[in-house]
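The values are calculated or read from the model by the stated rules, or taken from the named source; none is laboratory data. This one's a predicted model, so the numbers in the text were calculated from it and none came from an experiment. Cβ sites come from the backbone with ideal geometry, for glycine too, and all protein chains shown count toward neighbours.
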């Protein structure tokens, strides 16, 4: 579940002055409408009630501005205090001319090289000082990153690693090797995976988002490190239902070298709520 995501006018030929005037008018209208010009990052009106869906591809070759060095009190990946060079998420978005007048109701989906994907409220990113690290300040002079502990082939978190200056709380992760981020209204981002609005199903869905969705998807919403759990077949349609809770609690007891960690700490009741939600989604599959 989680191992460690857019009418033409006409003018007579031979009228360059008229064509230039037309071009100026079109350019002005594009700017007023907030549409991106060629070579510009798209602009997003976030939290204004309008539809928002802006994809930003993170290109290591593009300069990150403004650069800063921060200290992270405790990095759970390296399990120690760390220092990083990079830029805050808020400054990163503003530098790319993505307007953010209000972050309420908006989420940012981070997708990583291995298919890991996590959706985090934008308000939380801003409030807790989320930071896109582009280098490890504790690495040697001739190195950009220290290898991730326990990772194969001395893998590093680059090119982008989401770290937090203040504890984000339970269920909000530290994704690394980030390739894209998508800004979207929360309701739209999670719509296809949303259950019927009952207390137990809502609770199960919330637990699934915090503990499972970064690696597993429901109706295509979520990560691709683990298997899709609902389409074309729901996991309850091919697994033994009575063994699913035991598997979630301790995957290694079913599969040697399992990449999925144990979720025993969630407790039997919370695991049951997650599985109740997954089972319920069998009747809410996306078409095709």
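Restricting the search to segment 87-97, which residues are at negative phi and not in a helix (DSSP H, G or I)?
Scanning segment 87-97 gives 87, 88, 96.
Residue 219: within 24 Å of the chain's Cα centre (by Cα) and at positive phi, yes or no?
Taking the combined requirement at face value, the residue satisfies it.
Would you point out the residue of segment 114-161, among those that are in contact with a strand residue (DSSP E or B) (Cβ under 6 Å, 6 or more places away or on another chain) and under 21 Å from residue 224 (Cα atoms), that is surrounded by the fewest Cβ atoms within 10 Å (Cβ to Cβ)?
Top of the filtered list is 121.
Taking the criterion of being surrounded by 13 or more Cβ atoms within 10 Å (Cβ to Cβ), modelled with pLDDT of 95 or more and more than 25 Å from residue 114 (Cα to Cα), would at least one residue in segment 260-268 satisfy it?
The answer is no; no qualifying residue exists.
Since residue 241 meets every condition but one in (1) under 18 Å from residue 221 (Cβ atoms); (2) at pLDDT below 95, which condition does it not meet?
For residue 241, the failing item is (1).
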